[in-house]
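Just so you know, all these numbers are worked out from the coordinates, no wet-lab data involved. Since the model is a prediction, treat every value here as computed from it, not as a measurement. Cβ: placed from backbone, ideal geometry, glycine included. Neighbour counts: every protein chain shown.
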Amino acid sequence: MLSSSAEISLSQQRFTSSFLSPSAFDPLLLPQLLKDNACRDGLDYARLIRSHFLAFERTIVSRNHQSWSWKRAAIEVIAVRKAFPLINNEHAIQAMIAWFYLLCHVDDEVEKLDSNTAKITLQKSIYLMRHSCIWRQCPDVRSGSMDEKLRQIPDQRRHDSPLNRSSSPTRSQSEKSIPSSDGSDASIAVLTMTEAFVRQMFRVLPPYAIRNVAQSIVKVWQFMCVEFDERARSTSGPSPEAYLAVRTHTIGLEPFFTILESLLLDRRDDTPTASYATLIASVSLAVGLQNDIVGLEKDLSIGERLNMILLATKQNEEQDLETALTMAIAMHNDAVKTSLSCYQELISGISCFADQDLGLVAKSALLFLRTHYSWATHSRRYQKPDKTLCGLAADGMKQAGLRVLCYKARMRKWRRV
């Protein structure tokens, strides 16, 4: 039998801010395991890092972003592993790491573009994803030699595509040939990332899973296009309700759970239960609010207006920042309570061993609320760099650990999983 829902409780996490008093608003509620029953897996981190690095080694990044490196590959592997500590399926972990790469790097590439160029870039990625994974029959290339695998992968190069060249371009070649004035470097970067992602999916996922994952990613890109429309439409921005309807999709959670559902539950066309669907929707809402709550200070410093809290203050001029933040925290806590209630309802109906994986995926979704909050409060994506002595010392320890992992990954004999 699956372990009881009593293993999970809600704990309080006081949100700290340099410009608002922590005592002015309620703490955040986060799910917590009453006992540490996270699986002590035997996953080979060095192999995961090497697989992830080589999968995206030949992708291009625009001049405004950091080059791909062993260190960045290691950081992304560790981030995903910490986010989903209960998942030990290596194919699922590799696929989720690849999606985390694509989500973060594409977001970085398009966020500096004007709305129209960003939408065109995302639409090209959508076409490439559909052309390779949805419209065509996806081969199962998880067995056989590497040459056989690559020959089975559909060729998405077209005569009018920037990918139409005898071999994938290297970063040094791209620096000489790609213009940087009109956003075309970012567009080519996104396309090469998408192509590399598709190839990695063909290596680690079965055909039906590839189609499911591709469809969920297309949905994320489409909602990103809607978000860019909102940025360009008006200076005041959308209503908080309209913003959240888009934001819960652009955070990119759905592909993670599509991967888990496809591999662990072996779902092809099954419709999820109402409790599971509500749980995932509540988790997505809470995670979107976490991003805006944790990233509020940074958004204020850089002038970002697409933030639930800032949009609420603009919609109601009588509502100050503290009141809007209190409202956002209350919405977050309600979503967390709903997700826990759905989880308890879901596992109460699990009566056979075969259904335990559904409980595992649901528990991973619920606990993601805590692991994501921990990541967001330390990530430079949402936080200003910590330049205190303690912050620098912690960074030094992390760098030392990353160097050890990167060395092991580079020295390991290469084997595709």
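Numbers at a glance
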{"item": "Too-long pairs where the Cα-Cα distance tops 30 Å, listed order kept, from K82/K119; K82/K219; K314/K337", "result": "K82/K119"}
{"item": "For L48, net neighbour charge (Lys/Arg +1, Asp/Glu -1) across residues whose Cβ lies under 9 Å away", "result": "+1"}
{"item": "Among 295-303, 358-366, 242-250, 121-129, the order from most to least packed when residues are scored by Cβ within 10 Å on average", "result": "358-366, 121-129, 242-250, 295-303"}
{"item": "Label-point separation, A245 to S374 (7 Å along Cα→Cβ), nm", "result": "3.6 nm"}
{"item": "Radius 12 Å from Cβ of V226, net charge of other residues (Lys, Arg +1; Asp, Glu -1)", "result": "+2"}
{"item": "Length gained when the stretch S67-K112 is fully extended (0.36 nm per residue, less Cα-Cα span)", "result": "14.5 nm"}
{"item": "Peptides ranked, highest mean first, by Cβ atoms within 10 Å: ranges 316-324, 73-81", "result": "73-81, 316-324"}
{"item": "Label-to-label distance, nm, for residues given as S341 and K314 (7 Å Cα→Cβ offset)", "result": "3.2 nm"}
{"item": "Proximal charge balance of T326 [Cβ under 11 Å; K/R count +1, D/E count -1]", "result": "-3"}
{"item": "Cα→Cβ-extended label distance, 7 Å offset, between Q32 and Q215, nm", "result": "4.0 nm"}
{"item": "Residue order, fewest to most surrounding Cβ atoms within 10 angstrom, among E195, E345", "result": "E345, E195"}
{"item": "Sequence-distant residues sharing a close amide H with I8 (under 5 Å, placed H)", "result": "L34"}
{"item": "Exposure proxy ranking, count of Cβ atoms within 10 Å, fewest first, for R203, R233", "result": "R233, R203"}
{"item": "3J(HN,Hα) from dihedral phi, the stretch 88-98, Karplus parametrisation 6.51/-1.76/1.60, rounded to Hz, x for glycine, proline", "result": "10, 6, 5, 5, 5, 4, 4, 5, 5, 5, 5"}
